[in-house]
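Scroll down for the structure; my scribbles are underneath it.
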Amino acid sequence: MKLPPKKKPGDPILASDWNMMLEAIAARTPAPGQGLNLSSASGGFSYSLPGQLGQLPKGQPPFSVIAIEKGPSSAYLVTMQQGWVIERNLLSTTHPAVILHMPKYGGTPLATIPRPQLSVGVNEIAWCRYRCAPSGLINYPPEIVVAAADQPGAHY
C-alpha cells in the first residue's frame, strides 16, 4: 500500500491522507488468531496463549503449533499440541478395536507437560511418521520427525 505524500509545515492533513496512513499501519500490524495474545517488544512481536502455562483454549486442533521461539543458531523451538494416531482394527473379535497412539518426539510423548520443543530449522517441516502393515494395523510407534525433504510413505 502506498503511503500519502509527505507534508510541509503548514500543509493541511486531509481526511483521505489520514485514513490512508491508518490503513497502511493496520495492513502491516500482525493480528493474532483466535485464542492468542499479541505482545510487542523492541525485538518484534510474539504470540502467546492467555492464562496459565500449559493450559490450552478449548478446540485447539491436534498437531497445531502452540508456540514458536528463536532457538540456538538458526533453529526455532516449536511447541506442538498433542494429537493421536488412530488405529482401527475393524476385523477384531477382541476389544479394543480402536487404539490411540501418542506420537513421541525424541522419545518424549507430545502429551508430556511441559511439552517437548521441536528444533525446526529454516525450510524444515515436522512430520508424524508411523508404519502400518498391509492390513492397516500400526506396527511401528508414531514419532514426530523434523526434516527438509519429503518423507517416503505408502498407503494400503
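The values are calculated or read from the model by the stated rules, or taken from the named source; none is laboratory data. Computed from a prediction, not measured in an experiment: that's the story for all the values here. Quick reminder, even Gly has a Cβ in these numbers, built from the backbone with ideal geometry, and neighbours come from all protein chains shown. Side chains are part of the model used for accessible areas, which takes the heavy atoms of the whole protein and leaves out ligands, DNA and RNA. Shrake-Rupley method; radii C 1.70, N 1.55, O 1.52, S 1.80 Å.
Could you list all residues from segment 8-31 that are at pLDDT below 85 and assigned to a loop (DSSP other than H, G, I, E, B)?
Of everything in segment 8-31, those that are at pLDDT below 85 and assigned to a loop (DSSP other than H, G, I, E, B) turn out to be ARG28, THR29, PRO30, ALA31.
Would you confirm whether any residue within segment 90-109 is of a type in the set (D, E, K, R), under 24 Å from ASN37 (Cβ atoms) and open to solvent by 50 Å² or more (accessible area, probe 1.4 Å)?
no
Mind checking which residues of segment 65-90 are among the aliphatic types (A, V, I, L, M), touching a residue at least 40 places away in the same chain (Cβ under 8 Å) and part of a loop (DSSP other than H, G, I, E, B)? Step through it out loud before you land on a result.
Applying the first criterion (among the aliphatic types (A, V, I, L, M)) to segment 65-90 yields 65-68, 75, 77-78, 80, 85-86, 90.
Applying the additional criterion that residues be touching a residue at least 40 places away in the same chain (Cβ under 8 Å) yields 66, 75, 77-78, 80, 85.
Listed by number, the list holds a single entry, ALA75.
Can you pull out the residues in segment 32-67 that are open to solvent by 70 Å² or more (accessible area, probe 1.4 Å), at pLDDT below 70 and farther than 30 Å from LEU100 by Cα?
Within segment 32-67, ALA41, SER42, GLY43, PHE45, TYR47 meet the criteria.
Looking at segment 124-131, can you tell me whether even one residue there is part of a loop (DSSP other than H, G, I, E, B) and either of a type outside the set (Val, Ile, Thr) or at pLDDT below 85 (or both)?
Yes, segment 124-131 contains a residue that is part of a loop (DSSP other than H, G, I, E, B) and either of a type outside the set (Val, Ile, Thr) or at pLDDT below 85 (or both).
For segment 65-89, enumerate the residues that are closer than 26 Å to ASN37 by Cβ and either touching a helix residue (DSSP H, G or I) at 6+ places or on another chain (Cβ under 7 Å) or β-branched (Val, Ile, Thr) (or both).
Result: VAL65, ILE66, ILE68, VAL78, THR79.
Just to be sure I understand, how many residues within segment 1-16 are exposed (fewer than 10 other Cβ atoms within 10 Å of the Cβ) and of a type in the set (A, V, I, L, M)?
So the count comes out to 1.
Among the residues of segment 131-154, is there at least one that is open to solvent by 90 Å² or more (accessible area, probe 1.4 Å) and of a type in the set (Phe, Trp, Tyr)?
Within segment 131-154 (the criterion being open to solvent by 90 Å² or more (accessible area, probe 1.4 Å) and of a type in the set (Phe, Trp, Tyr)), the answer is no, since none of the residues qualifies.
All but one of (1) surrounded by 11 or more Cβ atoms within 10 Å (Cβ to Cβ); (2) under 20 Å from LEU137 (Cβ atoms); (3) modelled with pLDDT under 85 hold for TRP84, so report the exception by its number.
So TRP84 meets the others, but not (3).
Which residues, taken from segment 104-156, are touching a strand residue (DSSP E or B) at 6+ places or on another chain (Cβ under 8 Å) and at positive phi?
The answer is GLY136, and nothing else.
Against the conditions (1) surrounded by 15 or more Cβ atoms within 10 Å (Cβ to Cβ); (2) of a type outside the set (Asp, Glu); (3) within 18 Å of PRO72 (Cα to Cα), where does VAL122 fall short? Just the number, please.
Against the list (1) surrounded by 15 or more Cβ atoms within 10 Å (Cβ to Cβ); (2) of a type outside the set (Asp, Glu); (3) within 18 Å of PRO72 (Cα to Cα), VAL122 comes up short only on (1).
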